[in-house]
Each structure stands twice: as C-alpha cells, then as structure tokens.
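Please read the structure below before turning to the comments.
The values are calculated or read from the model by the stated rules, or taken from the named source; none is laboratory data. Being a predicted model, the structure only gives us computed values, none of them experimental. Here the Cβ is made from the backbone with ideal geometry for all residues, glycine too, and neighbour counts use every protein chain on show.
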Amino acid sequence: MEESKHPCYNADAHHKYARMHLPVAPQCNISCNYCNRKFDCVNESRPGVTSEVLTPELASQKFSWVKENIENLSVVGIAGPGDALANWDVTRKSIELIKAKDNEIIFCLSTNGLMLPHYAAELVELGIKHITVTVNCLDPKIGAQLYKVVNYQGQSYTGIAAAELMIRNQLEGISYLVAHGVLVKINIVMVKGINDQHIPEVVKKMKELGVFITNIMPLIPAPGSAFEKFPQTSMKEINEMRDLCQLEMQQMRHCKQCRADAVGLLGNDRSNEFRMTKVEPEKSVLTYQNSGKQYKIAVTSKHGKLVDQHFGHATEFIIYQGNDKGFTLVEKRQAEQYCSGISECDSDEGRKNAAIQAISDCDAVLTMRIGYHGQQRLLEQGIVSVEYCYTVEEGLSYAVGQLAMKKSELKGRTG
Ligand code: CLF
Ligand code: SF4
C-alpha cells in the first residue's frame, strides 16, 4: 500500500520516510484573507516562510541531488509556494521529468481546488495517487469571509459568488478524484469566529465523499494579510476539534505545516542543505558587469548544468573561457579524485597535486564546496576558489565578479 510509505498519510511512517517538496508553482489564482503572497501558501505552510522557485528542469536536478543524499525518500510533493494547479504546465512538466527518472517515487500535490474540475482527469492519468485539497467551508456565507478574490477563466469573483465557485469546484474535483482511486487529504484552516463551529459539518461531508483523512490546521495570522490581527488558533483548540471530528473520521495529528521547499523527515527539515539558489542570481549579474577581461574557469558539476559537486569529489573539470558577456565550454579534463572521503582528505598528496595540476592554467575553480586547505593550495598557484550552488551559467557570471574582486585584493597584498 502506497500510503504506508507516505509520511503525511501514515503517522507511523513519518519517522522513517522522507518527502521533498518541489517549489515550482509560484502563482496563485485566488486570494485568501489569511494569506500574504510574499510567503508560501498558508493552506499548507506556516506563514512567514519564503521558498525558492525552480524551473521543472532544476526541480528534476534537485530531485536527483536529494535522492542521492536522503535515505528513504519516498514522496515528491508540489505544495506551492502558490497553488500547484494555478501553475499546471510547470507542475506537470516537473512530474513528468522525475517520473522518467524514477518510476517508484510517490507523487503528491496540494491545491486550493479551484482548478480541479479542469485537471483532475490529467492528474489521474499521470498516476498521482495523493492529493490534498484545502476545504475551509461548505457555506458560501462563511467562504465570503475567507476568500477575498477568486480568479477563474478570465474573470474575478468576490463575496458569495467567489465562495460558491470555490466550493462547487472543490466538491466536484474531490468526487472525481475519489472515484478514480486517489487518496484525498483535506486541509482545513480553523479560523476562530469564522469557520470553527462549521468544521464538523465539513468533515462529515468529506467522509461522505470518501476522502482518506482530514487535517485541521491552526490559523497562524500572516503579517500583512487581512487576518493579521486575528488570534492564532491554539493547539489546545485544534486538538479539541480533532478529537470531536475523530468520531466521524481519521484525523491527521502530525502535520508540520511544511515549507514549499521542505526536504527530509517531517520533523527534521533539511531544506537549507539543498538550496539551488545559494546566491540570488540578480546579485551575481550585477557584480560582474563591465569587467570585460577574459577568464578561464574550471567547474565541478555532476551533469554539467548545476554547480553541484564538491571539489574533492570531482573526477572531471569542465573548462569554460569567457568574460562578462558570456562563456564558452572549451573542454573537459579528467582528474584524479582530490579526496575520496573525509578520512582520506588531505592525505593523498599525489591525487591533490593531480587535481591542481589539471587546472593550473585556470583563473578560478567554480565549485559547490571546497575545504580551507584546498583553497590555500589553489591560491598558491594563483587559482581563486569560488563556492556557488546554482546553475553553471549563473555561477560563471558570479565567478567573474568574485575574480575581479579577489584578484585585485591579491594584487594589493603582494604588490
Ligand atoms: Fe507535501 Fe502535503 Fe504531500 Fe505531505 S506535506 S504536499 S501531503 S508530501 Fe504533510 Fe507537511 Fe502537513 Fe502537508 S506535514 S504541511 S500535510
Ligand atoms: Fe495564499 Fe490561499 Fe493562494 Fe494559498 S491558496 S497561496 S493561502 S491565496
């Protein structure tokens, strides 16, 4: 059973199986009163969290990176930072690219449900078996207090009309998904004084529709949102509501309100270790403009697209030549591995020298990580180390700026 390996659908699995979210979906098609769109979608995440945004290609590369490094990765989810179905093309492309690499991984997706009637059939065809829909109410009068605007098929709706549309599309979509074997989880954001008394009715309806589990979540007022002054729903109130609703159907109690780029076990987010955007691209572009000088730069990269390899683990250097206007790939050079693990690091002079000799004519090495001693050894040869963690293209731009700065520093020191 797939849900037995899904950490959100099975409480017993959440200490063992990891999930990763791919932050490929930045847009949203509605405006919830508890949302501030500077942050991740509050229907799944804690407010105040901002995730990076990736293209499907980068998302696929990130998946390979995480899979290599995280044991028991069982789920790839798309949970924003906006709405997965408001960005359907990139959401679908990301899933397709990863499916082509790994047919075992479980895909999961979270949505406000507005576009479900349009995409539910495609979701089923793609083989997605786990979908979360946020359903906060069944009563449009309550919904009118929760949704500020709903943008649908080129028109903007507000008030009761907006809420009616949301509820209709959510119910239609959920029914379709359940009928086609999808395990549907329902998130409900509990807002005191607005939908709290109504939640048992929502849960009852969800049970009738055949959903798998409901997840009652606290409102954590997001700064800058219409509800910013609302009281936060306490965990005591949430648990009392869960206890009440448990009589009707299974309740999720281990939700962590994850970020849209969360990685790892639910209780141990490792997203910081797997950032594709260590340096903001705009900043790197600014730093290198107008330098003009030609540089030769050795890059460590697993597949040639990302700067995603430790200097010590590189068996090959990709040599680029160019300047602030652009770079050309010149050649690939094989090198003995500089070190083959922490215990052997700094112990094999021959291999270290081979790596350094392989790039002795370069101005810089562009790498994900390099140790202090490695940096010093390279510097003795006049090679600057530039650490970076994004695309090779952006990294080269960034390296030009760093080179201009570091070379002038070096000149100042020596001359
Ligand atoms: Fe992500 Fe959500 Fe899938 Fe889980 S999270 S899309 S169902 S893989 Fe899980 Fe995180 Fe709670 Fe979501 S703990 S916020 S319920
Ligand atoms: Fe914000 Fe609501 Fe859209 Fe989520 S669904 S991003 S909470 S407006």
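Annotations for the structure displayed:
- Condition met for Ala262 (closer than 30 Å to Pro56 by Cβ, crowded, with 20+ Cβ neighbours inside 10 Å and either modelled with pLDDT of 95 or more or touching a strand residue (DSSP E or B) at 6+ places or on another chain (Cβ under 9 Å) (or both)): yes
- Lone qualifier among Val365, Val386, Val400 - being among the β-branched types (Val, Ile, Thr), out of contact with any Cys (no Cβ under 6 Å at 6 or more places or on another chain) and in a helix (DSSP H, G or I): Val400
- Within the range 76-98, the set of residues being acidic (Asp, Glu) and within 13 Å of ligand 1 (Cβ to nearest atom) comprises Asp83 only.
- In the range 54-67 there is no residue that is surrounded by 20 or more Cβ atoms within 10 Å (Cβ to Cβ), within 16 Å of ligand 2 (Cβ to nearest atom) and not small (Gly, Ala, Ser).
- Condition met for Val400 (touching a Leu at 6+ places or on another chain (Cβ under 8 Å), crowded, with 20+ Cβ neighbours inside 10 Å and at pLDDT 80 or above): no
- Selected residue (criterion: farthest from ligand 2 (Cβ to nearest atom)) from residues of the range 14-30 that are farther than 11 Å from Ala79 by Cα and buried (at least 19 other Cβ atoms within 10 Å of the Cβ): Tyr17
- Applying the condition of being in contact (Cβ under 8 Å) with a residue 24 or more places away in the chain and either in contact with a helix residue (DSSP H, G or I) (Cβ under 6 Å, 6 or more places away or on another chain) or among the aromatic types (Phe, Trp, Tyr) (or both) to the range 143-165 and asking which residue is surrounded by the fewest Cβ atoms within 10 Å (Cβ to Cβ) yields Glu164.
- With respect to the conditions (1) in a loop (DSSP other than H, G, I, E, B); (2) under 24 Å from Tyr152 (Cα atoms), Trp88 falls short on a single one, namely (1).
- Against the list (1) surrounded by fewer than 20 Cβ atoms within 10 Å (Cβ to Cβ); (2) within 16 Å of ligand 1 (Cβ to nearest atom); (3) of a type outside the set (Phe, Trp, Tyr), the condition Thr132 fails is (1).
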